[in-house]
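Novice: Supplied in structure tokens, the structure appears directly below.
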Amino acid sequence: MCFSPQADLVGGLVVGALGADVLRHRDGRWTHSPLCALPLILGFHQFVEAFVWWGLEGHVRAGLGRFAMWVYLSIAFVVLPVFVPLAVLALEPTPRRRWLIAPFAVLGIAVGGILLAAMLRGPVGVSLRPYHLSYNLRLGHAVVVIGLYVVAVCGAWLFSGYRAIALYGIVNLLAVVVIVKLTADGFASVWCGYAALTSGAIALYMRRPHAARTRALAPG
């Protein structure tokens with residue numbers, strides 16, 4: 001995330017606490033559980049990145065820092081492109097919406113597989129930059145793969161039948177454009193940090209009574 005390991009640590013703990021809270025208020029509906037768990041996953045993700053910072057700065061053992069880097073990248077590059085579309089898919093109550101979102105789930109699985117293979121081939125590295133971390137991965141056709149990653153993750157939100165979820169997708173897509181313009185080499189760190197913090201909006205939305213969320217459902 002931006003700024004410092006302390007920002008990652010505090011952000012991770014706050015977002016993780018929101019995630020734990022929203023899991024307790026999911027109305028007992030298993031279909032809501034994956035999306036409710038997203039803030040918890042993203043909070044843990046940011047918490048782990050604090051150890052990546054500390055490893056680079058020499059405050060923890062280099063081996064621990066590198067292990068944290070692998071955990072961070074595994075979540076960012078493999079878990080999220082698969083998990084997010086599937087979580088939105090599980091939430092949708094109508095067959096038409098599920099059919100619209102299913103291609104994004106398939107695309108996310110494919111992108112996650114490509115990125116996992118690239119990570120296993122290596123080399124994988126990370127370096128300090130002013131106010132962010134720069135993760136390095138040897139990836140063929142990187143622009144295309146990252147573009148498909150964004151399509152899989154943001155597209156699932158955009159096609160949700162819930163207006164608030166679709167709006168969240170629009171905001172995230174705009175954030176992608178802004179972050180790429182500001183810092184291309186820090187995209188993985190900054191965007192994941194942004195997603196973690198804004199996942200608090202998901203937590204607040206999922207805490208609404210089920211009847212209120214149903215009223216927010218778009219036709220079809």
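Novice: Is one or more of the residues making up region 49-67 more than 27 Å from Pro123 (Cβ to Cβ), over 17 Å from the mean Cα position of the chain (by Cα) and not in a helix (DSSP H, G or I)? Reasoning before the result, please.
Specialist: Going residue by residue through region 49-67, those that are more than 27 Å from Pro123 (Cβ to Cβ) are none.
There is no residue in region 49-67 that is more than 27 Å from Pro123 (Cβ to Cβ), over 17 Å from the mean Cα position of the chain (by Cα) and not in a helix (DSSP H, G or I).
Novice: Would you please name the residue that is surrounded by the fewest Cβ atoms within 10 Å (Cβ to Cβ), looking only at residues in region 79-90 that are out of contact with any Pro (no Cβ under 8 Å at 6 or more places or on another chain) and of a type outside the set (A, V, I, L, M)?
Specialist: So the first thing to find is which residues in region 79-90 are out of contact with any Pro (no Cβ under 8 Å at 6 or more places or on another chain), and the list is 79-82, 84-85, 88-89.
Next, only the ones that are of a type outside the set (A, V, I, L, M) stay: 81, 85.
Values: Pro81: 28, Pro85: 26.
This residue is Pro85.
Novice: Sticking with this one: Whether any residue in region 84-93 is over 20 Å from Cys154 (Cα atoms) and in a helix (DSSP H, G or I) is what I want to check.
Specialist: Looking for residues that are over 20 Å from Cys154 (Cα atoms) and in a helix (DSSP H, G or I), one finds none in region 84-93, hence no.
Novice: Given the structure, is Ser160 within 18 Å of the chain's Cα centre (by Cα) and assigned to a loop (DSSP other than H, G, I, E, B)?
Specialist: yes
Novice: Could I ask something else about it? Hey, among the residues in region 91-114 that are crowded, with 16+ Cβ neighbours inside 10 Å and touching a residue at least 60 places away in the same chain (Cβ under 8 Å), which one's farthest from the chain's Cα centre (by Cα)?
Specialist: Among those residues, the one meeting the criterion is Arg97.
Novice: Let me ask another. Quick one: is Val52 within 17 Å of Leu128 (Cβ to Cβ), touching a residue at least 24 places away in the same chain (Cβ under 8 Å), surrounded by 23 or more Cβ atoms within 10 Å (Cβ to Cβ) and aliphatic (A, V, I, L, M)?
Specialist: Yes; evaluated as a whole, the condition is true for this residue.
Novice: Quick one: count up the residues across region 126-157 that are part of a helix (DSSP H, G or I) and at pLDDT below 85.
Specialist: Of the residues in that region, 2 qualify.
Novice: Those residues that are at positive phi and at pLDDT 90 or above, I need them from region 22-61; list them, please.
Specialist: Matches in region 22-61: none.
Novice: Answer with yes or no whether Pro34 is under 19 Å from Leu158 (Cα atoms), surrounded by fewer than 22 Cβ atoms within 10 Å (Cβ to Cβ) and without any contact (Cβ under 8 Å) to a residue 24 or more places away in the chain.
Specialist: No; evaluated as a whole, the condition is false for this residue.
Novice: Can you tell me which of Ala68, Ala76, Ala20 is under 22 Å from Thr198 (Cα atoms) and either buried (at least 20 other Cβ atoms within 10 Å of the Cβ) or of a type in the set (D, E, K, R) (or both)?
Specialist: Just one listed residue meets the conditions, Ala76.
Novice: Just a yes or no: is a residue in region 62-70 out of contact with any strand residue (DSSP E or B) (no Cβ under 7 Å at 6 or more places or on another chain) and at pLDDT below 90?
Specialist: yes
The values are calculated or read from the model by the stated rules, or taken from the named source; none is laboratory data. In this text, all values refer to a predicted model and were calculated from it rather than measured experimentally. Quick reminder, even Gly has a Cβ in these numbers, built from the backbone with ideal geometry, and neighbours come from all protein chains shown.
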